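Reading through the structure tokens given below for one structure.
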């Protein structure tokens, strides 16, 4: 009787252990998306951190812009710019697209704290993105 009871518990206990492992992994390896206020104002509201919002639709030209933007921001002079990808249809998109009147994709908006420094609608080349970001940051090439 005892052996049968132990055999019957093996499967449910294994499932519970597996579920716990999955939950722990999700908690440890994912971070919640920041709210639209945290993105544009920072934690203290008066931060001077730079944020680049990229509003995009998955696939096509928008996806190409995501790749271009990531390459440019990987460069040393842009290491302090925090990129936020805002996918059309996401909760952040609903709030931020309305707030910043975004109708074209891709759209890039560079902030310093809550102040807009630069905005571009449509696809922009790697070279022009680099130049515009440097100009907006007040850095000469």
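The values are calculated or read from the model by the stated rules, or taken from the named source; none is laboratory data. Note that the structure is a prediction, hence the values are computed from the model and not measured. Cβ atoms come from the backbone with ideal geometry, glycine included; neighbour counts cover every protein chain shown.
When residue 111 is tested against (1) within 18 Å of the chain's Cα centre (by Cα); (2) more than 17 Å from residue 51 (Cβ to Cβ), only condition (2) is not met. Taking the criterion of being surrounded by 19 or more Cβ atoms within 10 Å (Cβ to Cβ), touching a helix residue (DSSP H, G or I) at 6+ places or on another chain (Cβ under 8 Å) and under 16 Å from residue 134 (Cβ atoms), the residues of region 73-110 that qualify are 78, 81, 108, 110.
Within region 121-141, the set of residues being under 18 Å from residue 57 (Cβ atoms) and either surrounded by 18 or more Cβ atoms within 10 Å (Cβ to Cβ) or outside the structural domain of residue 57 (by TED's automatic domain parsing) (or both) comprises 124 only.
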